[in-house]
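These notes are about the structure you will find just below.
The values are calculated or read from the model by the stated rules, or taken from the named source; none is laboratory data. As the structure is a computational prediction, the values presented were derived from the model and not from experiment. No Cβ is skipped: glycine too gets one built from the backbone with ideal geometry, and neighbour counts run over all protein chains shown.
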Amino acid sequence: MTENTNDVLVRADGLYKVFGRRTQEAVDRLRAGSARDDLDGVTAAVIDASFEVKRGEIFVVMGLSGSGKSTLIRMINGLFEATAGTLTIGDQEITSISEKKLRAIRRDHISMVFQHFALLPHRTVADNVAYPLELQGVGRPERLDKANEILGLVGLGGWGEKLPSELSGGMQQRVGIARALAADTDILLMDEAFSALDPLIRREMQEQLLELQQKLQKTIIFITHDLNEAMFLGDRIAVMRDGRIVQIGTPEDILTDPANDYVEQFVQDVDRARVLTAGNVMEKPIAVVPSTAGPRTALKTMRDSFLSAVYVVDRDRRLLGTLEDRDALRLVRKGERSIEGVVKDDAVTVGIDDVLMDLFIPAVESKLAVAVTDAAGRLVGVIPRMTLLAALGPGPGATEEISLPVQPVPTTVIDQVLADSEDGRPVESPAVGSEEAR
Ligand SMILES: Nc1ncnc2c1ncn2[C@@H]1O[C@H](COP(=O)(O)OP(=O)(O)O)[C@@H](O)[C@H]1O
Ligand SMILES: [Mg+2]
């Protein structure tokens, strides 16, 4: 797939921000290979940062405190001038334009959500949300209408007349988000926007942000020092360390292929269950038969994969259900040619984008490896319980023996029946493969 350049909304190219005196000289020295710590009297807050943020994505900048995240975002919103390098917003290179033009670009494109909400305490919630519109010169009735509409969007319908102090922290930050949305810009900058909130509220806010984003499709640059938050929210993540971006990738890239020891150490305690999806860990389904297969084929497939059942699909690979060994065995013994009458509609399926956290219950309920289906209901993969546990990384349980809910019919019995039978002719000895043999 080729990326259309129109899809890139923010682009940084070799961006530097150095605080102190003789900053150009410091950039020259950094470019020549000097280490950040070798520079005297200056702080190189951002060093040679290059990245592209695509329209509609959540791009997370993650790093420890002091790694340069806020400085980076402040260059994007024009609060800091870059010491070197270029920054492009839309099709406008902003590092070389006039103050006036820069202000216009900020106003038209960029809104910011702050860590400490920065609400005006003596104004009502609705007036806070309407504030950017007031700055744009929108009349009061119109801007209050708009404010109340957006408050509804962030789940605060009916709270417009309250003062910020009457709201909880999480609600205040939703006001902060509503205010950022009011200006209707395409870029939302969020600097540690949830970091001041209690963990549970924070989770809720993260989920709400994703919900909101599904509706609004903004371009969001989200800064956090919390890798779990980064992994949960980010379409892509830039990991910063000491002013430099050390890796840019999807959460899966960063989790499964960390660029260096630093990132690897960081990802060790990530909550993989919230990051990895069914699609990330699924395996090729082997125990699958088409609905046109005969019972012998189905039984052989089960025997070869040591399973008590198989998935049955139609000719477009859409999942029809499961077939159990004892039913297949019975059909073989009766000399039946078709399995269609005994396919059970009890397949436990999950979506390809479901996170692992949502797979535990299906995994427990399923007699087979959980079936992963795409939007069209096609069987695209399976997730055996062992795979699910292994994907969560080392830990208790990962190596434990897992008992199957249904014990397969012993292969010796299956082999006997297959040997004694052929399609269209029943087996003589009814004792073989009977329920007692299980
Ligand atoms: N206005 C400033 N003047 C001087 N140094 C600064 C300024 N802003 C940030 N710094 C320094 O730049 C580095 C990066 O800071 P910052 O971008 O705030 O990091 P983060 O947001 O990742 O915590 C730090 O060493 C910080 O002390
Ligand atoms: Mg910061």
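For this structure, a couple of remarks:
- Residue match in the stretch 264-271 (condition: at pLDDT 90 or above and either within 30 Å of Thr412 (Cα to Cα) or part of a loop (DSSP other than H, G, I, E, B) (or both)): no
For (1) on the phi > 0 side of the Ramachandran plot; (2) within 15 Å of ligand 1 (Cβ to nearest atom); (3) out of contact with any Phe, Trp or Tyr (no Cβ under 6 Å at 6 or more places or on another chain), each residue gets a yes or a no:
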| position | (1), (2), (3) |
| --- | --- |
| Val10 | no, no, yes |
| Asp28 | no, no, yes |
| Asp37 | no, yes, yes |
| Gly41 | yes, yes, yes |
| Val53 | no, no, no |
| Gly56 | yes, no, yes |
| Ser98 | no, no, yes |
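- Being within 14 Å of ligand 1 (Cβ to nearest atom) and outside any helix (DSSP H, G or I) is a property that Ser65 has.
- Qualifying residue in the stretch 69-77 (condition: among the polar types (S, T, N, Q), over 16 Å from Thr185 (Cβ atoms) and either modelled with pLDDT of 95 or more or buried (at least 22 other Cβ atoms within 10 Å of the Cβ) (or both)): yes
- Given (1) surrounded by 22 or more Cβ atoms within 10 Å (Cβ to Cβ); (2) of a type outside the set (Val, Ile, Thr); (3) more than 21 Å from Ile237 (Cβ to Cβ), number of the condition Met112 does not satisfy: (3)
- Residues satisfying the stated conditions in the stretch 115-144, i.e. over 29 Å from Ala196 (Cβ atoms) and surrounded by 15 or more Cβ atoms within 10 Å (Cβ to Cβ): Val138
- All of Glu229, Glu192, Glu211 fail the test of being farther than 26 Å from Asp37 by Cβ, touching a helix residue (DSSP H, G or I) at 6+ places or on another chain (Cβ under 9 Å) and in the same structural domain as Gly155 (by TED's automatic domain parsing), apart from Glu229.
- Test: residue in the stretch 193-210 that is in contact with a Ser or Thr (Cβ under 6 Å, 6 or more places away or on another chain), at negative phi, touching a residue at least 40 places away in the same chain (Cβ under 8 Å) and within 16 Å of ligand 1 (Cβ to nearest atom): no
- Filtering the stretch 217-249 to residues that are part of a loop (DSSP other than H, G, I, E, B), farther than 20 Å from Asp358 by Cα and away from ligand 2 (no atom under 16 Å from the Cβ) leaves Gln217, Lys218.
- Residues of the stretch 79-93 satisfying the condition of being in contact (Cβ under 8 Å) with a residue 60 or more places away in the chain and either acidic (Asp, Glu) or within 16 Å of ligand 2 (Cβ to nearest atom) (or both): Phe80
- Residue within the stretch 143-164 that is part of a strand (DSSP E or B), assigned by TED's automatic domain parsing to the domain that holds Leu189, of a type in the set (Gly, Ala, Ser) and farther than 30 Å from Glu25 by Cβ present: no
- The set of residues in the stretch 315-358 that are under 31 Å from the mean Cα position of the chain (by Cα), of a type outside the set (A, V, I, L, M) and surrounded by fewer than 23 Cβ atoms within 10 Å (Cβ to Cβ) comprises Asp316, Arg317, Arg318, Gly321, Asp345, Asp346, Thr349, Gly351, Asp353, Asp354, Asp358.
- Residue match in the stretch 193-207 (condition: closer than 30 Å to Asp374 by Cα and exposed (fewer than 15 other Cβ atoms within 10 Å of the Cβ)): yes
- Each residue in the stretch 46-67 was checked for being buried (at least 24 other Cβ atoms within 10 Å of the Cβ) and within 13 Å of ligand 2 (Cβ to nearest atom), and 4 of them qualify.
- Among (1) surrounded by fewer than 16 Cβ atoms within 10 Å (Cβ to Cβ); (2) in contact with a strand residue (DSSP E or B) (Cβ under 9 Å, 6 or more places away or on another chain); (3) within 23 Å of Asp354 (Cβ to Cβ), the one test that Asp269 misses: (2)
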